[in-house]
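Notes to accompany the following structure.
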Amino acid sequence: MEILAKARERGQQNALPYAGAVTPAEAYELLRTDPRVKLVDVRTNAERDWVGRVVIPETQHAAVQWNTYPGSVQNPAFMEELSRVAEKENVLLFLCRSGVRSRHAAKLATESGYAHCFDILEGFEGDKDAEGHRKTVGGWCKAGLPWAGA
């Protein structure tokens, strides 16, 4: 698959400790064309409820918090929860708000035996713009990909 080859190349070029990285548009194309690909949203439940969610088939979507809310403490059950929703052979695309937590999640999952872990660059909302707002610079929302919510 050309997208995964490009993503793996990014991983090698940037010495990433996981398989690679995809853009939001590439992630959506993978999800659209391969039912075995799974998006793992590592944002808090509150973020998904208050900010929005990706709109993809339920069979390709999993929500596993990297940090818990309130308190923003790392979820001690992250790997246990991931093991309930994903197989080690799955291609896993990790998504957070702006691409930081998803990198940590992809690294930990790789270290735990998941061989095909990819970070979704820019995340769901992307970085803040000059006025401190998100969803205007990059990310899943800015790319015009399906999402719903707040």
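Some observations on this one:
- Count - residues of the range 121-142 that are closer than 15 Å to Cys96 by Cα and of a type in the set (Gly, Ala, Ser): 4
- Residue list for the range 5-26, filter: buried (at least 22 other Cβ atoms within 10 Å of the Cβ) and either more than 17 Å from Ala115 (Cα to Cα) or of a type in the set (Asp, Glu) (or both): Pro24
- One residue alone among Val137, Val100 is under 10 Å from the mean Cα position of the chain (by Cα) and of a type in the set (Val, Ile, Thr), and that residue is Val100.
- A Cβ distance below 6 Å, combined with a sequence gap of six or more or placement on separate chains, defines the contacts here; from the range 4-26, residues that are touching a residue at least 40 places away in the same chain (Cβ under 8 Å) reach residues that are outside any loop (DSSP other than H, G, I, E, B) and acidic (Asp, Glu) in the pairs Ala21/Asp119.
- Just so you know, in the range 27-55 the residues that are in contact with a Ser or Thr (Cβ under 9 Å, 6 or more places away or on another chain) and of a type in the set (S, T, N, Q) include one that is surrounded by the most Cβ atoms within 10 Å (Cβ to Cβ), and it is Thr44.
- Only one entry of Leu92, Leu82 meets the criterion of being within 10 Å of the chain's Cα centre (by Cα), free of Cβ contacts under 8 Å to residues at least 60 places away in the same chain and farther than 26 Å from Asp129 by Cα, and that entry is Leu92.
- Applying the set (1) among the charged types (D, E, K, R); (2) more than 17 Å from Arg53 (Cα to Cα); (3) in a loop (DSSP other than H, G, I, E, B); (4) in contact (Cβ under 8 Å) with a residue 12 or more places away in the chain to Lys142 leaves exactly one unmet item: (2).
All of the numbers you see were taken from the coordinates with simple rules; none came from a lab. Just so you know, these numbers come straight off a predicted model, no measurement behind them. Counting neighbours? That spans all protein chains shown, and the Cβs are built from the backbone with ideal geometry, glycine included.
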